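Report on the structure given below.
The values are calculated or read from the model by the stated rules, or taken from the named source; none is laboratory data. From a predicted model like this one, the values you see are computed outputs, not experimental measurements. A quick note on method: Cβ atoms are made from the backbone with ideal geometry, for glycine too, and the neighbour counts reach across all protein chains shown. Each accessible area value is taken on the protein alone, full model and side chains, heavy atoms only, with ligands, DNA and RNA left out. Shrake-Rupley method; radii C 1.70, N 1.55, O 1.52, S 1.80 Å.
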Amino acid sequence: MAFLEIDNLHKAFGANVAVHQFDMSIAQGEFITFLGPSGCGKTTVLRMIAGFETPTRGAIRLNGRDVTRVRTRDRAVGMVFQSYALFPNMTVAQNIGFALKVAKRSEKETSGRVAEMLELIKLPHLAGRYPWQLSGGQQQRVALARALASKPQVLLLDEPLSALDAKIRVALREDIRALQRELGITSIFVTHDQEEALSMSDRIVVMNDGRVEQVGAPLDIYNFPRTRFVATFVGTLNILAGRVIDPATGRIAVDGQELVTSRPLPSDDAGKERVLALRPEAILLEPPSTDRNSLAARVEEISFLGSVVRIRARVSSAIVTLDVFNDPNRILPERGQPVALGFSHDNLLVLDENVH
């Protein structure tokens, strides 16, 4: 049985439906990320798990217990907010121990747990400082310690890194993941940042317009997106329109050029147009080969990006972008030059939708 079960969760605010039929089973100790643009419903799901919002319908079960309408304080969840939400008139130690004080834990137990949390976040020397005396990264570490102090069964993190600068954000996400692994606590992380999601998660839930588009491990989400939204939201992608020639052999034509997919297509796809996707890093400039796909194209633009050179080439009606490593010994094509774009059959993705 799953440790956290979310069953047919639905949330409407009047006529506006924020979350449609959200279903998920989460194992104990898993690190799950809800990923999507602003307004996609990811924070609403998190708030329903926390108890800040009541579902219109559906159920939430934690360790076999139905907590759908249980008060937040009785759910054994810890929450870390984007805005830190520390009490400005309390010291670091007092902030961390606040929930324990409310729960009427003994002074000895509280002080011992606060000391343990300060060591965990590597800030014991700042116990007597106030939030305004801390950096943003330090404040968020204190907020994390406060959420963990009461030993919750689930840790919820609502875009906790979005207010920090890039360097601190990278360091703190590594710290959060290391702490989560050390404690073995089931965690749900909300973000709109694909790099955060890909680097931190056991599984990613990609959401759009209140619905789940795809659930999977980071490698699967990036390498095998199922829909156009997932493909374009996670990473950079080339989108092409192809017409199916022979579903059984995976033969499909793009602007009159025949390509082959790695798997057969549904038999009723013959003659249909399908959406194809191709990652820029999967494409090589190479002569046509019988065991690989190839597209004839013409170079339109070359951009030097440091370690990567980005090339934009036209394939009849479409522009294809490819990234090659910057090699001082490489001879790059010139603008207007015809080139062959080579890629494996496995790298040609057929998305789960037709061309509209």
_Which condition from (1) closer than 30 Å to LYS122 by Cβ; (2) open to solvent by less than 80 Å² (accessible area, probe 1.4 Å); (3) among the polar types (S, T, N, Q) is the one that GLN82 breaks?_
(2)
*crowded, with 17+ Cβ neighbours inside 10 Å, assigned to a strand (DSSP E or B) and either without any contact (Cβ under 8 Å) to a residue 12 or more places away in the chain or touching a helix residue (DSSP H, G or I) at 6+ places or on another chain (Cβ under 8 Å) (or both) - does that describe any residue in the stretch 179-187?*
yes
*Looking at the stretch 10-71, what strands (runs of 3 or more DSSP E) fall wholly within it and have at least 2 residues that are open to solvent by less than 50 Å² (accessible area, probe 1.4 Å) and not aliphatic (A, V, I, L, M)?*
16-26, 31-35
*Would you check if LEU156 is at pLDDT 95 or above and touching a strand residue (DSSP E or B) at 6+ places or on another chain (Cβ under 7 Å)?*
yes
*Would you be able to tell me the number of residues in the stretch 245-278 that are under 18 Å from ALA340 (Cα atoms), of a type in the set (Asp, Glu) and not in a strand (DSSP E or B)?*
1
*Taking GLU281 as the residue in question, decide whether it is open to solvent by 50 Å² or more (accessible area, probe 1.4 Å), at pLDDT 90 or above and either part of a helix (DSSP H, G or I) or among the aromatic types (Phe, Trp, Tyr) (or both).*
yes
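So that you can scan it fast, the table gives a plain yes or no per residue for (1) modelled with pLDDT under 90; (2) touching a Gly at 6+ places or on another chain (Cβ under 8 Å):
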| residue | (1), (2) |
| --- | --- |
| ARG228 | yes, no |
| LEU240 | no, no |
| ALA253 | no, yes |
| GLN257 | no, no |
| PRO264 | no, yes |
| ALA270 | no, no |
| ARG274 | no, yes |
_Evaluation of THR72 against (1) farther than 26 Å from ASN208 by Cβ; (2) in contact with a Phe, Trp or Tyr (Cβ under 9 Å, 6 or more places away or on another chain); (3) in contact (Cβ under 8 Å) with a residue 60 or more places away in the chain (one fails), failing number_ = (3)
_Just to be sure I understand, how many residues within the stretch 196-225 are part of a strand (DSSP E or B) and open to solvent by 20 Å² or more (accessible area, probe 1.4 Å)?_
6
*Only one residue in ARG263, ARG243 is more than 26 Å from the chain's Cα centre (by Cα), among the charged types (D, E, K, R) and surrounded by fewer than 16 Cβ atoms within 10 Å (Cβ to Cβ). Which one?*
ARG263
*Looking only at the stretch 91-127, which residues are open to solvent by less than 20 Å² (accessible area, probe 1.4 Å), outside any loop (DSSP other than H, G, I, E, B) and either touching a strand residue (DSSP E or B) at 6+ places or on another chain (Cβ under 6 Å) or under 13 Å from ALA149 (Cα atoms) (or both)?*
VAL92, ASN95, ILE96, GLY97, LEU100, VAL114, MET117, LEU118
*Matching residues in the stretch 293-311 - criterion: being open to solvent by less than 70 Å² (accessible area, probe 1.4 Å) and not in a strand (DSSP E or B)*: GLY306
*asked:* Given the criterion surrounded by 15 or more Cβ atoms within 10 Å (Cβ to Cβ) and either among the hydroxyl-bearing types (Ser, Thr, Tyr) or more than 30 Å from ALA197 (Cα to Cα) (or both), identify the matching residue among ARG251, ARG228.
replied: ARG251
_Out of the residues in the stretch 312-343 meeting the condition of being exposed (fewer than 15 other Cβ atoms within 10 Å of the Cβ) and hydroxyl-bearing (Ser, Thr, Tyr), tell me which one is farthest from PRO287 (Cα to Cα)._
SER317
